[in-house]
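Notes to accompany the following structure.
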């Protein structure tokens, strides 16, 4: 009788460790986020953490509806502090329950990533279960402008020049991160878009493996405001990158 009990407990532990939580930083989201959350919960994602990053009051009803969804937790900031700060809030929450999760996947709140893209990255976690997995966007799509294409190329080339690592999309917001990486990610500097790049720099310094998975086409709907900055002025990103490179090394990162 003892052996079957042991087997059941062992299987249960394995099931728990396979859990992956989705993290969605959200600032003034559209109602389509509600549908998107329901779609994500049809995948292997076991829990969704949404961080309301100081959204305007008129969006309160959206967050109230999100709170009513099973397996969806909404964390809230009193004021907008930026994507990096929102991610750290979610990382801290997940780390407090670290025994339940294998890792997290960060996703955009404004339909930047299709469910199919998310599924593809989730599938690759079966191969790359450690470190960070980046969902690399296709900048050759019809939705992508020449400016965004060359902006992405410039930031990638500059990143390679400074850090001797070739990454095709340093600003992608679709990332899988192993649970054991969260403690040092909480110490990485940056509260806004610069956190995405700082994360990768800190990972390289720590010799944390970084993998890349090609996902679907870059998606930017016309007349849509992207509140979080996966598409942003390349010059600003490069300037931040250079400033951080020239700073004395922080041993906490």
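The values are calculated or read from the model by the stated rules, or taken from the named source; none is laboratory data. A quick note: this is a predicted structure, and the numbers were derived from the prediction, not measured. Please note: Cβ atoms are built from the backbone with ideal geometry, for glycine as well, and neighbour counts cover all protein chains shown.
Remarks
- Residue check for residue 32: farther than 21 Å from residue 174 by Cα and touching a residue at least 40 places away in the same chain (Cβ under 8 Å): no
- Of the strands (runs of 3 or more DSSP E) lying entirely inside region 31-142, those containing at least 3 residues that are touching a helix residue (DSSP H, G or I) at 6+ places or on another chain (Cβ under 7 Å) and within 20 Å of residue 211 (Cα to Cα) are 103-106, 132-138.
- Number of the condition not met by residue 65 [criteria: (1) in contact (Cβ under 8 Å) with a residue 40 or more places away in the chain; (2) over 24 Å from residue 198 (Cα atoms)]: (1)
- Residue 77 meets each of the listed conditions (1) surrounded by fewer than 17 Cβ atoms within 10 Å (Cβ to Cβ); (2) free of Cβ contacts under 8 Å to residues at least 40 places away in the same chain; (3) over 17 Å from residue 21 (Cβ atoms) apart from (1).
- Residue match in region 143-157 (condition: modelled with pLDDT of 80 or more, over 19 Å from residue 91 (Cα atoms) and in contact with a strand residue (DSSP E or B) (Cβ under 7 Å, 6 or more places away or on another chain)): no
- Leading residue by the ranking (surrounded by the fewest Cβ atoms within 10 Å (Cβ to Cβ)) among those in region 95-113 that are more than 23 Å from residue 184 (Cα to Cα) and out of contact with any strand residue (DSSP E or B) (no Cβ under 6 Å at 6 or more places or on another chain): 111
- Candidates 118, 51: the one that is under 16 Å from the mean Cα position of the chain (by Cα), buried (at least 18 other Cβ atoms within 10 Å of the Cβ) and closer than 16 Å to residue 193 by Cβ is 51.
- Some residue of region 207-217 being buried (at least 18 other Cβ atoms within 10 Å of the Cβ), within 20 Å of residue 112 (Cβ to Cβ), modelled with pLDDT under 70 and more than 14 Å from the chain's Cα centre (by Cα): no
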